[in-house]
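Novice: Following this message is one structure expressed as structure tokens.
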Amino acid sequence: MWRRVASLSSFLSSYSTSFVAQTASRLNTWESLTTRIAQQANGFIAPKEKTPFITFVLGGPGSGKGTQCIKIVETFGFTHLSAGDLLRREIDSNSADGAMILNKIKEGKIVPSQLTVKLIQKGMESSDNDKFLIDGFPRTEENRVSFEQIIGIEPNVVLFFDCPEEEMVKRLLNRNQGRVDDNLETIKTRLKVFEALSLPVINYYSQRGKLYTIRARGTEDEIFEQVRPIFTAFEACHVSTMILSIHLLSPKMVALLQARPHTIPWILHFHCSSKSKKNRNQKQLQRRQFQHHKKPALPFPRSSPTPLVIRHKPLIQTKVDALDSVVKDLEASVKNGMVIDSEIYSSLLETCYQLKSIDHGIAIHSLVPPNLLRKSTGISSKLLRLYAASGRMESAHQVFDEMSRRNESAFPWNSLISGYAELGQYEDALALYFQMEEEGVEPDRFTFPRVLKACAGIGLIHVGQAVHRDVVRKGFGNDGYVLNALVDMYSKCGDIVKARQVFDNIACKDTISWNSMLTGYIRHGLSVEALQVFRGMIQEGFDPDPVAISTILSSFWSLKIAAQIHGWVLRRGIEWNTSVVNALIAVYSSLGKLGGASWLFHRMPERDVVSWNSIISGHGKHPEALLYFEQMMKSGTSPDSITFVAILSACAHLGSVKDGERLFRLMRNKYMIDPRMEHYACMINLYGRAGLIDEAFNFIVERMEIEAGPTVWGALLYACSIHGNIEIGEIAGQKLFELEPDNRHNFELLMKIHTNAGRWEDVERVRQMMVDRGL
Ligand SMILES: Nc1ncnc2c1ncn2[C@@H]1O[C@H](COP(=O)(O)OP(=O)(O)OP(=O)(O)O)[C@@H](O)[C@H]1O
Ligand SMILES: O=c1ccn([C@@H]2O[C@H](COP(=O)(O)O)[C@@H](O)[C@H]2O)c(=O)[nH]1
């Protein structure tokens, strides 16, 4: 305890002496509440409770990452965690995942993120060190996000060893360590994977100002001379971190601190993880200094202080865990009679919203004095938004009703409208919008898109037109953000011509504008216009996003267009984007180009459940469907309900009744997927095609847990027509006539059954039923 006061005091002495004294004296009362946060915020803590310093070491295969890591460890005392080594160790330990990992490594592909992150986490937890070199990770954006989600921290430094491809290939072929992946074929895939999946991660960190690029050619020592100054500078600056933290506070925060010094740990906690302009400038300065290999003239903070604490055995927390600790401390402090500043409540509610942590929000709500909640628009608006965003509209509305100054801004109204619109309660959303007008609250640019979403949901074009008039009247007629929502509203309400007019009037179109128009045309079945928009988008220099590309691909079952788009995708270098490849696989499969589909599938660097579903559906009439399904299970990707529709339907086409029955059981028992109507229809098709009409009928009567719908009875009637089962065909037909009285196809099928059996009276009876229904 005493050490904490000392360290906090020394830190504050550079700011204001009286401030220090006040803060130190208040620390006793604030002990439980502030200690953790102060530590988290400034990293200036007892030796064994430090925030870890994380360096990601990236680069192509053979760029020399491992070699340089050894030198960094020797010189700067880091703990080296090579993701590849951790995975290889997992193989050697004969773990359950060993075989799958070995396959991935042999193929040069990426092991599922969760697995790798867990191994890294274990490595970090079992080390007493607080400085880690994580080598060869993250290799994909998904890896990166997984690390952030599971470990809850971002790296401080990212080193990128930039090495020419031919040099890397040469080094790998000479490595001579008996690695299964050091052969030309795997190296080629590894290089492709690096380019397609790892470069985006490197770009990401470059944009975040964390990337240090090392030219990785030359001798090992020459390369290390580029690496050395980076860590030397970070070591020199470590002590100055906290002093800078205070300088990074905004004037508003500084004023708040002077008025209420006890709030400092809170503010540091949240402020340090935000990105102020000053902070960015500071980082830029730091980078420039590194680039010139000089010691920095000014101290600078760690590149991204994280709000987490590592204890003796480092306890790696997620952001939600950190929030949890903070809320618990807050609860204890309130219980002890402490008065908490409204900005703290409001800041915490913001964090709850960002982390989608409604339970913490509810806990904070219970601590806020009702009077403060009513009076403080900041607290009530944020609480209301949190409730609305989590679909708790009753609680949101209650907070709203009790707000004393809810009409001062559109913010609380927007949150409520948004909440209702997201839940599909469009009438409530619109009613609020009109109430807003009645109460004289000015809508803002965020109000209209939410209201227009409700108009689109309800499909009332005249209401949408009235809102459009309001948009113009209130001066938002040129606001691209609002106009994009208008395009979407008109297209969803059926007026695609008006949608186009609005679209043409958007002066600064962005990707959303183009995508709204594109999906509008596709929704209206106007494929030619959709393709024109797609081309226009490219001509105007907008890269259609993977969603737009897959949308357009899936709306054109034309080989020529698929090939053109595929060519464009190749030129843009995004041919291995997972959703793009998935769409290409689906298109090629549906056009009968199974060779092309399989070629893509086998080469894609990373597959998701959609990839597997596409390839299985594509092979729906071929025995390979079952093989793909087995491979999918081995790969560790869990099938979803669409997978089972695809595989059950393949079994039906292949006449594999036993497999179909087995897979239906597997779906329920292993994957806990409740069968939906489509699955039941597949089972009826399975039995029906195999001529097992009684089994199919009994399945409907005895095993279906939901009322059979037209797809199920339709499958049965179809099977009866193939196998000439008059009795059950009649039952299925009668069911279908009730469920789909206008569908002449059902009548025709039943007539066919009777015709084939020479039952002319029945043919006439069914024909008369059609006439009676005006078919
Ligand atoms: N500067 C260098 N010049 C020549 N050879 C080098 C240099 N740096 C490393 N090597 C050699 O190249 C090979 C690959 O290096 P290293 O294993 O460090 O690469 P890596 O980036 O960790 O590779 P991977 O991603 O495949 O694990 C090793 O045999 C190493 O001794
Ligand atoms: O995060 C990771 C790291 C590695 N892999 C797989 O291991 C091999 C070898 O990795 P090296 O870093 O070259 O030792 C790599 O090609 C991947 O197959 C991984 O999947 N995820």
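The values are calculated or read from the model by the stated rules, or taken from the named source; none is laboratory data. Predicted, not measured: the structure shown is a model, and the values here were computed from it. So basically every Cβ, Gly included, is an ideal-geometry build from the backbone, and we count neighbours across all protein chains shown. To get the accessible areas, we keep the full protein, side chains included, count just its heavy atoms, and leave off ligands, DNA and RNA. Shrake-Rupley method; radii C 1.70, N 1.55, O 1.52, S 1.80 Å.
Novice: Which one of Gly596, Ser617, Asn582 is farthest out on the positive end of the charge dipole of region 563-630, using unit charges on Cβ (Lys, Arg +1; Asp, Glu -1) and the Cα centre as origin?
Specialist: Gly596
Novice: Based on a Kirkwood Rh over C-alpha pairs, give the Stokes-Einstein translational diffusion coefficient of region 333-456 at 20 °C and viscosity 1.002 mPa s in µm²/s.
Specialist: Reported coefficient: 146 µm²/s.
Novice: Here's a follow-up. Which percent of the accessible area of region 709-748 is formed by carbon and sulfur heavy atoms (probe 1.4 angstrom)?
Specialist: Values: 980 of 1820 Å².
For region 709-748, the apolar C and S fraction of the accessible surface comes to 54 percent.
Novice: Just to confirm, what accessible area per residue do you get for region 553-643 at 1.4 Å probe, in whole Å²?
Specialist: 44 Å²
Novice: How long are the semi-axes of the ellipsoid equivalent to region 569-713, from square roots of 5 times the Cα gyration tensor eigenvalues, in whole Å, largest first? All intermediate terms of the calculation are to be shown ahead of the outcome.
Specialist: On the way: eigenvalues 187, 45, 33 Å².
For region 569-713, the semi-axes come out at 31, 15, 13 Å.
Novice: Among 594-600, 158-164, 509-515, 71-77, how do they line up from the highest to the lowest mean number of other beta-carbon atoms within 10 Å?
Specialist: Order by mean packing, descending: 158-164, 509-515, 594-600, 71-77.
Novice: If you roll a 1.4 Å probe over region 557-696 with all protein chains in place, what percent of the accessible area is carbon or sulfur?
Specialist: 55 percent
Novice: If packing is taken as the average number of other Cβ atoms within 10 Å across a peptide's residues, how do 339-349, 699-709 rank, most packed first?
Specialist: Taking the mean over residues of other Cβ atoms within 10 Å, the ranking is 339-349, 699-709.
Novice: Also, quick follow-up: Taking +1 at the Cβ of each Lys and Arg and -1 at the Cβ of each Asp and Glu, which of Phe534, Ser516, Met489 sits farthest along the dipole of region 453-537 towards its positive end, judged by Cα position relative to the Cα centre?
Specialist: Met489
Novice: Oh, and also: What dipole magnitude, in Debye to the nearest 20, does region 148-187 give about its Cα centre under +1 on Lys/Arg Cβ and -1 on Asp/Glu Cβ?
Specialist: Here the size comes out at about 260 debye.
Novice: At 1.4 Å probe size, with the rest of the protein present, what percent of the exposed accessible area of region 421-502 is carbon and sulfur atoms?
Specialist: Of all accessible area on region 421-502, carbon and sulfur atoms account for 49 percent.
Novice: Let me ask you something else. Quick one: grab the alpha carbon gyration tensor of region 635-728, order the square roots of its eigenvalues as a ≥ b ≥ c, and give me rounded if a/c is under 1.5, else prolate or oblate depending on whether a/b is larger than b/c.
Specialist: Because a/c hits 1.5 or more and a/b exceeds b/c, region 635-728 counts as prolate.
Novice: While we're on this one: Cβ neighbours within 10 Å, averaged per peptide: list 441-454, 398-411 in order, most packed at the top.
Specialist: Taking the mean over residues of other Cβ atoms within 10 Å, the ranking is 441-454, 398-411.
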